[in-house]
1. Treating only the Cβ of Lys, Arg, Asp and Glu as charged (+1, +1, -1, -1), what charge dipole size does the stretch 4-125 show about its Cα centre? Round to the nearest 20 debye.
2. Quick one: order 364, 188, 166, 297 by neighbouring beta-carbon count within 10 Å, fewest to most.
3. Find the Cα radius of gyration of the chain, compare it with 2.2 N^0.38 Å by division, and give the number to two decimals.
4. Given an 8 Å cut-off on Cα distances and at least 6 residues of separation, report the relative contact order of the stretch 4-125 as a percent.
5. Using alpha-carbon positions, what is the distance between the centroids of the stretch 158-206 and the stretch 320-390, in Å?
6. Checking the cross-link filter: which lysines have an alpha carbon closer than 22 Å to that of residue 134, excluding same-chain neighbours under 8 positions apart?
7. Where a Cα-Cα gap under 13 Å defines reach, which aspartates and glutamates qualify for residue 319, not counting those fewer than 8 residues away within the same chain?
8. Under 8 Å for C-alpha pairs, at least 6 residues apart: give me the relative contact order for the chain, rounded to a whole percent.
Amino acid sequence: MTEIKNIKAREILNSRGNPTVEVDVFTSKGLSRASVPSGASTGSNEAFELRDDDKRFLGKGVLKAVDNVNKIISKKLIGYDCTKQREIDSLMVELDGTENKSRLGANAILGVSMAICKAGALGLDLPIYQYISKIINCYEISLPIPQMNVINGGKHAGIDNDFQEHMVMPIKANSFKDAIRICSETYHTLKKFLKEKFGVSAIQAGDEGGFVPPIKNVNERLEFIIKAIEELGYEKQFALAIDSAASEFYHDGKYRILDKKYSSSELVDFYSELCKTFNLISIEDGLGENDWDGWSHLTSELGKKVQVVGDDLLVTNVKRIEKAIGLNACNALLLKVNQIGTVSEALDAFNLARKNKWKTVVSHRSGSTEETFIADLAVGINAGQIKFGAPARTDRNVKYNQLLRIEEELENKAKFATF
């Protein structure tokens, strides 16, 4: 038994300069620390992020959530065995007592949940990824394929009615190390082309490190990415992916992309043409979070050839995943631990997706920290894919660097994932 001696939370800053929650868990083995990410483009069904709504930090302070950890959660958990992840997570959910964790705050609960998971691994002298594998009885692990966001749009770039992410996927790389290298080379080659074409302002970075060039046409953005790939001779190694974040441009029954409007069916046709024109193999949040009929149509039309990923649609929530399975609304899960609020519930979402032969993409949020937990999570559950942003900014690269360390540690025991 590795007993929890103390739990301490504090307010720190995330990659956007906004406050977030950091939690320390102390046991006889030492300190385990975790910090909580925050999204910009968020689904309405996500677990509740508690903020102070006062003058501090323009209302974005998290002292209420910090106090809930220090004054309520910690008092209940001191003395518990930190290897009892599900028991502790269930106790916090019960202590909150709301459907969406709005009393204590999902950001308070998740900070504790992740730190407890780290403490459990420390207590058993296991790497975090191996400890997570043990929790879910996963006997095969691999290094994940990155979906690397190289051009930002939408809310991540401060643009209304626009596709949010344009990504490269090194599906034919020889290793994770090789994947990171060719992605980085492509990113910097794209940077060169954009600067030559549009000037220095075009290589400013969005929240996730991708460039924000003055290109409003999705096809043209993808063409620039292809140009960078071809310049390096990597056509056979890469495929493309997009995150539309369609809920952000759904208004009055229509999808408005910049100055054009589409019905659900017309938008599916638009995606079909994109897939024909480009080597596009993954579409995330292609339709709005409540457009279930549209999602079913998209999966029916493209699901046999393309990965149809639910993010705002599913919010890492078992109930919504069950509904999506019944309606054949998608075929892949975007897993974000802060959407649901505990490690155990996130693992339940993954297990349901795996049981139904869905693919899973472990994802960061646009407001991140130097936290590396999700890198270990991706390996531990053998997700096969990650989405951590561009190879730029420490808040993104710390996660890639953690995976490089894990790959080195595993040597020949784990292969690079296949798509």
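A short reminder: the numbers here are calculations on the coordinates, not readings from a lab. Fair warning: this is a prediction, and the values are worked out from it, not measured in the lab. Note that we place each Cβ from the backbone using ideal geometry, even for glycine, and neighbour counts take in every protein chain shown.
1. Working: 19 positive and 16 negative charges, 74 e Å.
Dipole size: approximately 360 debye.
2. On the way: 364 25, 188 13, 166 22, 297 18.
By the 10 Å Cβ count, ascending: 188, 297, 166, 364.
3. Values: Rg = 20.7 Å, N = 419, 2.2 N^0.38 = 21.8 Å.
Output field value: 0.95.
4. Taking the mean separation of contacting Cα pairs over the length of the stretch 4-125, I get 33 percent.
5. The distance from the Cα centre of the stretch 158-206 to that of the stretch 320-390 comes to 23 Å.
6. Those lysines meeting the cut-off are 29, 84, 118, 336, 355, 357, 359, 399, 413, 415.
7. 46, 99, 345, 348
8. Computed value for the chain: 20 percent relative contact order.
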